[in-house]
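Participant: Here's a structure for you.
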Amino acid sequence: MTSNRRTFAIISHPDAGKTTLTEKLLLQGGAIHLAGEVKARGQARRARSDWMKIEQQRGISVTSSVMTFEKDYDGETITFNLLDTPGHEDFSEDTYRTLTAVDSAIMVIDAAKGIEPQTRKLFEVCRLRSVPIITFVNKVDREGRPVFELLDEIADMLALDVSPQMYPVGMGGEFKGILDFASGEVVVPEGPSKEYRGKRVAGFDLPDEVEENAELAQIGYPEFDLEAYRNGDLTPVYFGSALKNFGVTELIDAIAKYAPPPRPQPAGEEQISPDRDEVTGFIFKVQANMDPNHRDRIAFMRQVSGTFKRGMKLTPSGLGKPIAVHSPILFFAQDREIADTAEAGDIIGIPNHGTLRVGDTLSEKNDVRFTGLPNFAPEILRRIVLKDPTKTKQLRKALDDLSEEGVIQVFYPEIGAQWIIGVVGQLQLDVLVSRLEAEYKVGANLEASPFATARWIKGDAAAVKKFEDFNRANLAKDRDGDIVFMAKSPWDVNYQAEQHPELTFSATKER
Ligand code: GDP
């Protein structure tokens, strides 16, 4: 059976146009039930936690959300699940983990800027799991960089084959439309006041230069190859303007046509197929403390297999006994009756009181455990210092909770008593301090630590032990008790890795 689900995320650097594109994608389909509503309902109910104040002050969403929309293709309805990743320079592990729950991604690039730092970082996370990428070069209604320069930059910086599917006929003031290689038609802007609609014109009279370049673009770059794309080795490139709603139809159609349906997910040696009868899934994010008094949480489960029905009993791997999922949040099209079922590829929000944790597997028979949900090496490390030293126990409890939830990582050095907090984005630190106070009544400060990053050490037990004996001052244990090398610089990591070829210094850890 081929699934009609396409579960994907948009990756981009801030300001490239992700929000604008998201809106336009939702307009393309019959939207939708926004996960934002979950938040809105929570907000109306009570006073906001400090954590939410941070969200408001900064005008950003700390948490990711889920948007579902549908589009018909020759009688077949394709359901798109778009998982939003926080669009802010300060991204967090949430962003990374969301990418573990998708089957493909759209990479949005600003035509004037090319590959920017955060695009690249997020791309690397996709590459870890061979997530296929469709590239959308945005803002062609403005003056951008030359097309070949952009294509070469994507290929070189990301070490990825690029396969242009279109060629813009001019950019900025000269913009006339986009030549679609597959049909030979030019999609031209239409309607009043430059409201681009995208009428297709066959036999468009192309300027000579554009004709030549378009031909070069087709000869000079690899042809589209579905398998190479799905393996994450090749990206098809589309052009358009999210703001003018131009090229967006072509983009969503490409996802419908090429993006993979739900993929099998690794569970140890096994691969769990979406066709498996029983419901299985994994928690990739927990949105916690929507109500500080009740500690309620929504766990977001990516469904891997089976057909979920309201009220179904599922067993979380962390708990060992089944829970009945009576009031799941299903993110479905609103013009239908409230859907009562969900399929592989869908996301289900499960309200709970802290029983569900990031990385947990849920299954009907408690016979599956998904692997490959990674922890990422922190890029910011801070010492945590209590304002009131008698609260050590409370602090330890809070840090264990919050690291389980995936808000932060915590490292307990082998020597000394100062615990180290690790995050990938500054924002996580602000969230930590405010949640410690609001929820655990623990005041704490974060101070500079001598460490710049951390690596999980793996290898033969004797070799690890030997390394441990010599480097105790730079070692810590994470919350699972695994050994971590605390590095003072990236150079330090390289040096140790060279000195110890018998060990691996891993920037990610699978749970
Ligand atoms: P995000 O930070 O990636 O979510 O970016 P936004 O969607 O908020 O867009 C950032 C800015 O770029 C906003 O001012 C948008 O109006 C503008 N923008 C987005 N798409 C386009 C486009 O296609 N053309 C032009 N000219 N501006 C755009």
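Where a number appears in this text, it was derived from the coordinates with a stated rule and is not lab data. Every value quoted in this text rests on a predicted model; they were computed, and no experiment measured them. Glycine gets a Cβ as well: all are built from the backbone with ideal geometry, and neighbour counts include every protein chain shown.
Participant: Kindly provide the helix-only [θ] at 222 nm of the chain, computed as the sum of -39,500 (n - 2.57) over DSSP H runs of four or more divided by all residues, to the nearest 500 deg cm²/dmol? Don't skip to the answer; put the middle values down first.
Facilitator: Working: 13 runs with 139 residues, N = 511.
Value at 222 nm, helices only: -8000 deg cm²/dmol.
Participant: How high is the relative contact order of region 374-510, in percent, with contacts defined as C-alpha pairs under 8 Å that are six or more residues apart?
Facilitator: That works out to 32 percent.
Participant: Whole Å is fine, so just give me how far the alpha carbon centre of region 308-328 lies from that of region 402-421.
Facilitator: Measuring centre to centre over Cα atoms gives 30 Å.
Participant: Could I ask something else about it? What lysines does K441 reach when the alpha-carbon gap must be under 29 Å and sequence neighbours fewer than 8 apart in one chain are set aside?
Facilitator: List returned: K39, K53, K285, K387, K391, K393, K397, K477.
Participant: Place a +1 charge on the Cβ of each Lys and Arg in the chain and a -1 charge on the Cβ of each Asp and Glu, then give the dipole magnitude about the Cα centre in debye, rounded to the nearest 20.
Facilitator: Rounded to the nearest 20 debye, it is 2740 debye.
Participant: Of the lysine pairs in region 156-280, how many meet both conditions: Cα atoms under 14 Å apart, and a spacing of 8 or more in sequence or different chains?
Facilitator: Within region 156-280, the lysine pair count is 5.
Participant: While we're on this one: Out of residues 5 or more away from K488 or on other chains, whose amide H comes under 5 Å of its own, with H placed 1.01 Å from N in the peptide plane?
Facilitator: Excluding prolines and chain starts, which carry no amide H, the hits are A452.
Participant: Spin-label point model (7 Å from Cα, Cβ direction): what's the M157 to E211 distance in nm?
Facilitator: 3.4
Participant: Also, I was wondering about something else. Return the aspartates and glutamates within reach of K313: Cα separation strictly under 16 angstrom, same-chain partners fewer than 8 residues apart disregarded; answer none if there are no such residues.
Facilitator: Those aspartates and glutamates meeting the cut-off are D277, E278, D340, E343, D360, E364, D367.
Participant: Give the peptides 130-138, 358-366, 476-484 in descending order of average Cβ contacts within 10 Å, highest first.
Facilitator: Values: 130-138: 23.9, 358-366: 22.0, 476-484: 16.0.
Packing order, densest peptide first, comes out as 130-138, 358-366, 476-484.
Participant: Among Q271, A461, I421, whose Cα lies farthest out toward the positive end of the dipole of the chain, if unit charges sit on the beta carbon of Lys, Arg (+1) and Asp, Glu (-1)?
Facilitator: Checked the options; the winner is I421.
Participant: Rounded to the nearest whole Å³, what is the per residue volume of the convex hull around the Cα atoms of the chain?
Facilitator: Value for the chain: 167 Å³ per residue.
Participant: Please list, in chain and number order, the residues 5+ apart from T371 or on another chain whose amide H is under 5 Å from its amide H, with Hs placed from the backbone.
Facilitator: Here A267, G268 satisfy the definition.
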